[in-house]
Amino acid sequence: MDVDALRKQAALHAKPPGLAFHYGTAGFRMRAEHLDHVMFRMGLLAALRSKQTGAAIGVMVTASHNPEEDNGVKLVDPLGEMLAPAWEEHATRLANAEDPDLPRALLRIVEEAAVEPARDAVVLIGRDTRPSSEQLAQAAREGVAALGGRLHDYGLLTTPQLHYMVRCRNTDGRYGKPTLDGYYRKLSSAFAELTKQASRSGDERASVKVDCANGIGALKLREMEPHVSPGLAVQLFNDGTKGKLNHLCGADFVKTHQKPPHGLEMKPNERCCSLDGDADRIVYYYLDAAGAFRLLDGDKMAVLMSTFLQELLAEVGESFSVGVVQTAYANGNSTRFLEEVMKVPVYCTKTGVKHLHHKAQEFDVGVYFEANGHGTALFSEAAEVKIKQLAESEDRKGKAAKVLANLIDLFNQTAGDAISDMLVIEAILALKGLTVQQWDALYADLPNRQVKVKVADRTVISTTDAERRAVTPPGLQEAIDSLVSGYRLSRAFVRPSGTEDVVRVYAEADSQESADSLAHAVSLAVFELAGGIGERPQPGFTR
Ligand code: NG1
Ligand code: ZN
């Protein structure tokens, strides 16, 4: 490492004084103007991680569903997974090191993580459509170059596309070709095979309206469209030509407000969906015949996907282990339906995709979804090999195995992927001959409400049991238990957000009024017992 050269470079990416940086569940995320030095240093860190693992590492510049003025960065590990926890700590320390201490901070990582400094480094970079993203990506590129790393800049990509590229590069093409064309071809040929098998002769081609959150999803879906158009008509809205990124639209807006996005006209029973700002989340929705808005979120997708996979696995007849992974935010009725009706084992982890992904890896077939629409399915290598082998035969088993084999290719097994999930959902609906209403009718969501409470220090709340019970402050859990017991089919929990300076309160009950009133009562308990600041929570709700 040429320390003088590094110091000079680093001086061009000076750390702003007085700010603290944290590599959270979604990497670094804040106002774009504070992030230049973070990007440069994440370029350095990606080069070190690559030297340590001997594999290509990804750097994605995005702040997902945050406002357009924000930006962020996440690193992608060799198999397309999220960065390992020990390296999240290195990332946090590196981002917070004062400028003169930067070489020392780097050397510490080299020593602690046993990095081989002389080894080659390869870093793949992608970015979303934010106005700040190109310049921030440039800072990251300079960081990679400062440690002599080789760069492959993919330019504009969805987050899951970058995860895909990293995995392809590190598996010698076994996962697919590390190009956009390779991604589109892999997904679209699996989709074409599946919809061919649907063979509902005479049926019209399915059609879906897609709200692209004015983000990268619009560009990439437009590129993909010709590949899938024989089986699916996609109509793009909020494609970035008029509106602002994530403003009054996108998956996060639709899920948290439980209403349609601006910029997309719906007629009753039309199938619609929304992507988020970096296209790793998706939610479906429609207006029913009476004009009421119906949301099909991550839980509904997990149910459709896991029950379909389970049916196919039963036909194939192998004893694969299956698990569905959710968080405490999963609707209670989705969990009940999976466990009691479908007899699928369900597991609950802490909020944050990396926890779900990790748990899902324990099964031959692991489906995971956050209620907000981030999720996918993972298949063990043994299961994939066996299924692809069985798919060679022409009997009934072979037919089911063929469907499974194509689904394995259609799922993005590196991360939740809105484009891939959409094609999986469309393929399943086509294969089962289901309308969106019939899918929705598999089970009824319990009415629920999510609210935020501002407190002086949200770390006074600590939780256990996958965030479903509060350990501190004293008396809070008892207060929640007593409030919950006053409602039917009720459940409530609180946790400090990992991405915002608030405490999140979630409540569900047998009616919307009950869910709202329970959420309000619990927010008052949080306000009183956990040091609320500002105005006391009012009835009605704050998101
Ligand atoms: P926090 O702010 O920790 O609740 C939110 C989402 C997570 C996850 C992260 C990262 C909810 C309730 N929480 O986390 O699921 O997506 O952002 O983006 O939706
Ligand atoms: Zn996202």
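The values are calculated or read from the model by the stated rules, or taken from the named source; none is laboratory data. Just so it is clear, the model here is predicted, and its values are computed rather than measured. Glycine also receives a Cβ, built like all others from the backbone with ideal geometry; neighbour counts cover every protein chain displayed. These area figures cover heavy atoms from the full protein model, side chains too; ligands, DNA and RNA do not enter into them. Shrake-Rupley method; radii C 1.70, N 1.55, O 1.52, S 1.80 Å.
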Step by step: first the residues of the range 483-497, then only those that are in a loop (DSSP other than H, G, I, E, B) and open to solvent by 50 Å² or more (accessible area, probe 1.4 Å), then the one that is nearest to ligand 2 (Cβ to nearest atom). Which residue is that? Leu489
Note: among Asp288, Asp299, Asp280, just one is under 25 Å from Ser132 (Cα atoms) and either at pLDDT 95 or above or under 20 Å from the mean Cα position of the chain (by Cα) (or both), namely Asp280
Counted residues in the range 503-543 being assigned to a loop (DSSP other than H, G, I, E, B) and crowded, with 19+ Cβ neighbours inside 10 Å come to 3
When you look at Leu313, is it within 23 Å of Ala427 (Cα to Cα) and buried (at least 20 other Cβ atoms within 10 Å of the Cβ), yes or no? yes
State whether one or more residues within the range 356-365 are within 16 Å of ligand 2 (Cβ to nearest atom) and either open to solvent by 10 Å² or more (accessible area, probe 1.4 Å) or in contact with a Leu (Cβ under 8 Å, 6 or more places away or on another chain) (or both). yes
Can you find even one residue in the range 341-354 that is of a type outside the set (S, T, N, Q), in a loop (DSSP other than H, G, I, E, B), surrounded by fewer than 24 Cβ atoms within 10 Å (Cβ to Cβ) and within 16 Å of ligand 2 (Cβ to nearest atom)? yes
Taking strands (runs of 3 or more DSSP E) that do not extend beyond the range 193-280, which have at least 1 residues that are open to solvent by 40 Å² or more (accessible area, probe 1.4 Å)? 206-211, 232-237
The range 87-107: number of residues that are open to solvent by 70 Å² or more (accessible area, probe 1.4 Å) and outside any loop (DSSP other than H, G, I, E, B): 5
It is to be established whether one or more residues within the range 20-29 are part of a loop (DSSP other than H, G, I, E, B) and either basic (Lys, Arg) or open to solvent by 50 Å² or more (accessible area, probe 1.4 Å) (or both). yes
Residue set Val59, Val73, Val110; condition in a strand (DSSP E or B), more than 15 Å from ligand 2 (Cβ to nearest atom) and at pLDDT 95 or above; output residue Val59
Just for the range 57-86: of the residues that are more than 16 Å from ligand 1 (Cβ to nearest atom) and crowded, with 24+ Cβ neighbours inside 10 Å, which one is farthest from Ala121 (Cα to Cα)? Val59
